[in-house]
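Here's the structure, in structure tokens; my notes come after.
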Amino acid sequence: MSTIAHADHDHHDHKPTGIKRWLFSTNHKDIGTMYLVFSLIMFFIGGAMAMIIRAELFQPGLQFVDPQFYNSMVTVHALVMIFGAVMPAGVGLANWMIPIMIGAPDMALPRMNNMSFWIMPFAFALLLGTLFMEGGGPAGGWTMYPPLVLQTGKAFPFLIFAVHFLGISSIMGSINIIATVFNMRAPGMTLMRLPLFVWTWVITAFLLIASMPVLAGAVTMLLTDKYFGTSFFNAAGGGDPVLFQHIFWFFGHPEVYILALPAFGIISQIIPTFARKPLFGYASMVYATASIAILSFFVWGHHMFTVGLPITGELFFMYMTMLIAVPTGVKVFNWVATMWKGAMTFEAPMLFAIAFVVLFTIGGFSGLMLGITPVDFQYHNTYFVVAHFHYVLLTGAVFALMASVYYWIPKWTGNMYDEKLAKIHFWLSTIFANILFFPQHFLGLAGMPRRIPDYSVQFADFNMISSLGGFAYGLSQLLFVYIVIKCVLGGKKATSQVWEGGRGLEWTLSSPPPYHSFTKPPKVTKALMDY
Amino acid sequence: MAKKVFRNNNEIVKKRIKRLALFLGLFAFSLYAGFILSYMK
């Protein structure tokens, strides 16, 4: 099949060369590659900021940076990692894989695809440029709560426009994904045959379209409050600062799932491949993903238990938060059931996937703890929260992204990566990520507040351990870059199947796939998708 | 059905994609504008 597909496409393979290939690209694979490279660069920029934070917290007292700059680092680290690293990596994977997973020639709106990508470097130039301005970068936290954020100096409008641009880019990307999946599937690729990665991305795209405009609305209101005399969030003018928190978290909680759902999709592709079994409960996985997405719009209040919500509101948000654990549990049990009695092998993607299942579940459980209203009063704004969301986003989303790179890079480059080094990378990442974040649970329970550059001496030991884990984790990611570059430059040739247990259209194409994939519709049968 | 809509250069598909994109874009914009307008006094 793969040889036939390749031969079919050879005469179409006239790809542009040089800078034009990348600047004006409308090819889903090139745009996907640009997204992935961009996100890796941002991962290291955001990571460097994390190193500054951990260096400052290595011991009590002020060591390296002044508190204002520290707050900038905390703020910009979050914005860079969320909007610059994890989201673009997900979109990059979607660009690369969705057309070849559904048997389409390209994305439905290729020019808009190009625009979606190229908006992002400008948005981040605006955001990162503020660090070099008089008064420094934004320092009020990524949540941008007024009235604190309104004290931001010249960086303020840059921050707001960067968020607007990133929102526009995400919405255009989402429209493209939905249009592609709903209109360009190959014959036989019914909705209930779609690979889980595609399903999770379609649902994520709807989440983005429904939540990003809300964030854009909120930051526009901030902008008019600061410069045009409105009082949306100004109590003195009849507004309400807590209103911003409601609007922000109405966006913010679905945003968590925007980061997590594609990761769920990746894991749902990898585990069946290396367990050599079909995914357990495919339909329930689809419905669980949709349930999580819908429920994510009704839990925003659990971020604001301490602002003084009515007791019925607090109860409502607590129960809704508990409810979201049900479909998430369905997914975790299905992954475990897929592995059960499977003929498992433990290549790097599978190792990262298993680590994801275990560590994401730890993050999920600490999330449940935070979702209990009376308990949250103790944990709120402590390092327990920091530990929780880093388990969800780093050992969750980032581990899934690492797994996806190892899983699909032989398909992208045509070369196998260095398995031995990848396993070393896995163990270093897993051990040091836990040394970095697990002690933060104890710090939070002991009462150490988040977003502070200095702390009481009683927190010194765990902070030192956490910082050492952080430096080691950061350094071990350089190994990942080395492995990726080595794989791009050469290595053992990958077959079109790559993984013995791989099922789906992407494994029928050559490795690397031709520049224009599936110019003739492939025929999708149950046998092709199943075991 | 799926066969009909496969090709990107098919006029019907092109129209359908554009219509869907326009609808989703307008939905997003109306959410944005609606949110701001709903909080104006």
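Structural remarks
- Extension gain from residue B:37 to residue B:18, taking 0.36 nm per residue of separation minus the Cα-Cα distance: 4.1 nm
- The ellipsoid equivalent to the alpha-carbon distribution of the range A:19-67 has semi-axes of 39, 9, 5 angstrom, derived from the gyration tensor eigenvalues as √(5λ) and listed largest first.
- For the range A:89-178, radius of gyration divided by Kirkwood radius, i.e. Rg to Rh on alpha-carbons: 1.13
- Taking only the C-alpha atoms of the range A:434-531, Rg followed by Dmax gives 23.7, 67 Å.
- Centroid-to-centroid separation of the range A:158-212 and the range A:468-531 [C-alpha atoms, Å]: 22
- Within straight-line cross-link reach of residue B:14, aspartates and glutamates at Cα separation under 17 Å, skipping those fewer than 8 residues along the same chain: A:106
- Solvent-free Debye scattering, log10 I(q)/I(0), computed from the Cα coordinates of the range A:134-224 at q = 0.24 Å⁻¹: -1.13
- Overall dimensions of the range A:328-480 by Cα: Rg and Dmax, Å: 17.3, 54
- Rg and Dmax of the range A:92-137, Cα atoms only, in Å: 16.3, 51
- For residue A:331, a cut-off of 20 angstrom between C-alpha atoms picks up these aspartates and glutamates, skipping any fewer than 8 places away in its own chain: A:255, A:530.
- The range A:330-336 - phi-based ³J(HN,Hα) in whole Hz, Karplus 6.51/-1.76/1.60, Gly and Pro as x: 4, 5, 4, 4, 5, 5, 5
- Nearest 10 degrees, 0 to 90: helix A:155-183 Cα axis against chain A principal axis: 30
- Prolate/oblate/rounded call for chain A, Cα gyration tensor, a/c under 1.5 rounded: prolate
- Rounded to whole numbers, the Karplus 3J(HN,Hα) couplings from phi for the range A:280-288 are 6, x, 3, 4, 5, 5, 5, 5, 5 Hz, using 6.51 cos²θ - 1.76 cosθ + 1.60 with θ = phi - 60°, and x at Gly and Pro.
- Amide H contacts under 5 Å for residue A:415: A:494, restricted to partners 5 or more places along the chain or on a different chain, H placed in the peptide plane at 1.01 Å from N.
- Between helix A:419-445 and chain A: long-axis angle, C-alpha atoms, 0 to 90°, nearest 10: 20
- Axis of helix A:67-79 versus longest Cα principal axis of chain A: the two differ by about 30°, to the nearest ten degrees.
- Charge tally around residue A:139: other residues with Cβ under 12 Å, Lys/Arg +1 each, Asp/Glu -1 each, net 0.
- In this calculation the C-beta distance from residue A:48 to residue A:344 is compared with R0 = 41 Å, giving a FRET efficiency of 0.65.
- When +1 charges are put on Lys and Arg Cβ atoms and -1 charges on Asp and Glu Cβ atoms, the dipole computed for chain A relative to its Cα centre reaches about 1340 debye.
- Net charge dipole size for the range A:212-356 [Lys, Arg +1 and Asp, Glu -1 on Cβ; Debye, nearest 20]: 560
- For the range A:197-310, the calculated P(r), taken from all Cα-Cα distances in 10 Å bins from zero up to the bin holding the longest distance, is 13, 33, 26, 16, 8, 3, 0 percent.
- Residues in the range A:264-279 carry Karplus couplings, in order, of 4, x, 4, 4, 5, 7, 6, 4, x, 4, 8, 9, 6, 9, x, 4 Hz; the curve used is 6.51 cos²θ - 1.76 cosθ + 1.60 with θ = phi - 60°, and Gly or Pro positions show x.
- Enclosing the Cα atoms of the range A:284-401 in their convex hull gives a volume equal to 102 cubic angstrom per residue.
- Value of Rg to Rh for the range A:255-316, rounded to two decimals, is 1.17; Kirkwood radius and Rg both from alpha-carbon coordinates.
- Between the range A:213-228 and the range A:369-385, the Cα center-to-center distance that results, in Å: 29
- Nonlocal amide H pairs with residue A:382, under 5 Å, H built at 1.01 Å: A:450
Read-outs throughout are calculated quantities, based only on the coordinates presented, and are distinct from any laboratory measurement. Being a predicted model, the structure only gives us computed values, none of them experimental. Neighbour counts run over all protein chains shown; Cβ positions are idealised from the backbone, glycine included.
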